[in-house]
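Beneath this line is the structure, given in C-alpha cells, with notes to follow.
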C-alpha cells in the first residue's frame, strides 16, 4: 500500500514539474519514451539472472 502511495506521489510530482517548466512529458508524443525505462530495468534484471549476456 505504501508503494502505491509513493508511486502516485512521484507521478504527481513529475507532472507538477512539467507544468511548472511549461513542457509536456515526452511520452505524450512518442510511446517509446514511456517504455524505455521498464525495458532497461528488465534487461538489467535478466543479465543478473544470467538469462542474457
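Read the figures in this text as sums done on the coordinates, not as results from a lab. Computed from a predicted structure; not experimentally measured. We place every Cβ from the backbone using ideal geometry, glycine too, and count neighbours over all the protein chains shown.
Relative to the longest principal axis of the Cα atoms of the chain, the long axis of helix 2-21 makes an angle of roughly 50 degrees. Which entry is the computed Cα Rg over 2.2 N^0.38 Å for this structure: [x] 1.28; [y] 1.18; [z] 1.50? Calculated Cα Rg over 2.2 N^0.38 Å: the matching label is [z]. Over the chain, dividing the summed -39,500 (n - 2.57) contributions of all DSSP H runs of at least 4 residues by the number of residues returns a 222 nm mean residue ellipticity of -25000 deg cm²/dmol.
Take the Cβ atoms of residue 43 and residue 20, set R0 to 30 Å, and the FRET efficiency comes out at 0.40.
Projected label points at residue 7 and residue 53, each 7 Å from Cα along the beta carbon direction, are separated by 3.5 nanometres. Between helix 31-49 and the chain there is an angle of about 30 degrees, using the helix long axis and the longest principal axis of the Cα atoms.
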